[in-house]
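A.B. asks: First, the structure itself, so that you have it in front of you.
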Amino acid sequence: MKKAVRWLIGLLLLLPLMLLLPISSVYAQVPNRPRESTVLDETNSLSPETIQAIDRENRAWKATNEQLQVGVYMTTQLTGDIESLANEVFRKWQVGFAGSNNGVLVVIALEDRKFRIETSDRAATVLTDVTSRRILESARHFFRKDDYNGGVRYIVDAIGDAFYGTDRAQARMDELEEEQDEDNPAYFLLPVFIVVVVMILISKGGGRGGRGGRGGDRDILLWLLLNSFGNSNNHSHSSDSSGFGGGGWSGGGGGGGGASSGW
């Protein structure tokens, strides 16, 4: 009986320590904020051009009334859950300009294939949790192709679109889908197939236009084939349209919301 009591007391003493382990592991992973950029890429997956482009966006946004600021943190692997990491990095970096507090942080864990958008209280009124999730789900198309530069640029553009009413993220998605179409063999074979069918129909229809209305049927089939080819070249898209040198972080803070997803 005494031994059982000792075991129970020991377990109760260890329980608080066990609960603190995930928290302490997240704290251990939180990096210092970058000094000369709003992007920290520990995986070396982003090109200098991508990082510079995001920094330029932040400089331009600083001059607007909204004063949006977007930080990006890319890490190799999580030591805890991505929500806790994003919240702690957000607070430590103090994402967002003082006075506007429109701060947004993008956290990406490559090996875990997870990403998250974390927002300040004020930014969450524009970039809602639903919008953040939609942006991440659309960005999957880039990450599944290992196009991390395109994926990060898409997320940052889509965030900017939500604040400024632009459509840059959709343009980037259009470019990706055009590249996918060009990589598809059917994209090149379909016109050849249509030309062959049309030639066969024309050759078989010569001199027989008056028998049983077959000429009219042939014309309808020809129109359908040409129309389907035109539609294949004008496909619609269902995706939604989203550092600074010298410091960059101006001291906003406080996570207000966000969304997580994976690819």
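The values are calculated or read from the model by the stated rules, or taken from the named source; none is laboratory data. Because the structure is predicted, anything quoted here is derived from the model rather than measured. Methodologically, a virtual Cβ is constructed for each residue, glycine included, from the backbone with ideal geometry; neighbour enumeration extends over all protein chains shown. Quick note on the areas: whole protein, heavy atoms, side chains included, nothing else; ligands and nucleic acids left out. Shrake-Rupley method; radii C 1.70, N 1.55, O 1.52, S 1.80 Å.
A.B. asks: For residue 113 and residue 60 in the same chain, what is the full-extension length gain: residue separation times 0.36 nm, less their Cα-Cα distance, in nm?
C.D. replies: On the way: separation 53, 0.36 × 53 = 19.08 nm, distance 3.05 nm.
My answer for the length gained is 16.0 nm.
A.B. asks: Next question, about the same structure. Report residue 59's accessible area, 1.4 Å probe, all protein chains in place, as a number in Å² to the nearest 10.
C.D. replies: Accessible area, nearest 10 Å²: 120 Å².
A.B. asks: Taking the Cα atoms of the stretch 97-140, what is the range of coordinates along each of the three principal axes, in descending order and whole Å?
C.D. replies: 36, 19, 12
A.B. asks: If DNA, RNA and ligands are ignored and the probe is 1.4 Å, what is the ranking of 128, 43 by accessible area, most exposed first? Display every interim value, and only then the final one.
C.D. replies: Numbers: 128 55, 43 30 Å².
From most exposed to least exposed: 128, 43.
A.B. asks: For residue 92, give me every one of the aspartates and glutamates with a C-alpha distance below 15 angstrom, ignoring sequence neighbours fewer than eight places off in its own chain.
C.D. replies: Output for residue 92: 83, 118.
A.B. asks: On to the next question. Not counting ligands, DNA or RNA, and with a 1.4 Å probe, what is residue 62's accessible surface area in Å² rounded to the nearest 10?
C.D. replies: Rounded to the nearest 10, that gives 100 Å².
A.B. asks: Between residue 177 and residue 47, what FRET efficiency follows from the Cβ-Cβ distance if R0 is 25 Å, with the result rounded to 0.05? All intermediate terms of the calculation are to be shown ahead of the outcome.
C.D. replies: On the way: r = 22 Å, r/R0 = 0.87.
With R0 = 25 Å, the Cβ-Cβ based efficiency is 0.70.
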